[in-house]
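Working notes, beginning with the structure itself.
The values are calculated or read from the model by the stated rules, or taken from the named source; none is laboratory data. Predicted, not measured: the structure shown is a model, and the values here were computed from it. Positions of Cβ are generated from backbone atoms using ideal geometry, with glycine treated the same way; all protein chains shown enter the neighbour counts.
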Amino acid sequence: MDDFNKQSTSQQPYWKPENRIAGDTGSGAGTAARMKLADKAADMKDRVTDFGRKAVDKLDDSRLTAAEALDATATTLHSRGDQLSGAAHSAADKVHATANYVRNTDLKGMADDVEDILKRYPAQALATAAFLGFLLGRAFRRYE
């Protein structure tokens, strides 16, 4: 009875690669195909990651350009605001504040801020999304 309960340590389980039949090349071809597929997937992952980094870099560059344009707009509003009213100065101050926000906040920070606003004001966010969807639908319908 003791011999039955003892496992033989010299015999390998049937599922290990060392236990393949000498002429069996099917699993070797399968392994080669899996390795080739894994290499291609890793290469594709690297390409996508590189593309994502380049896209973020371009967005960061355009973010700074947008901030400069907003600053120029604010300056123009201030200079011409003398002719108009205090409302123009108020608008110029808000545009200038927006320029500073765009310049000083990275994309992740902006996304976090948008998420925060959406959580604080879900009804208004939903109404705004519906309105923008309506406008986009109308705009695309005109081009058909």
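Of the residues in the range 86-100, at least one is of a type outside the set (Gly, Ala, Ser) and modelled with pLDDT under 80.
State yes or no: is Ala88 touching a helix residue (DSSP H, G or I) at 6+ places or on another chain (Cβ under 7 Å) and part of a helix (DSSP H, G or I)? Against the criterion (touching a helix residue (DSSP H, G or I) at 6+ places or on another chain (Cβ under 7 Å) and part of a helix (DSSP H, G or I)), Ala88 qualifies.
Taking the range 105-144 as the range and being basic (Lys, Arg) and farther than 27 Å from Ala67 by Cβ as the test, the residues that pass are Arg138, Arg141, Arg142.
Just one residue in the set Phe140, Phe131 is aromatic (Phe, Trp, Tyr) and modelled with pLDDT of 90 or more; that residue is Phe131. For the range 100-136, a tally of residues being within 23 Å of the chain's Cα centre (by Cα) and closer than 18 Å to Leu77 by Cβ returns 3. Per the conditions (1) exposed (fewer than 13 other Cβ atoms within 10 Å of the Cβ); (2) in contact with a Lys or Arg (Cβ under 9 Å, 6 or more places away or on another chain), the sole criterion not satisfied by Met110 is (1). Within the range 118-144, the residues that satisfy the criterion of being part of a helix (DSSP H, G or I) and aromatic (Phe, Trp, Tyr) are Phe131, Phe134, Phe140.
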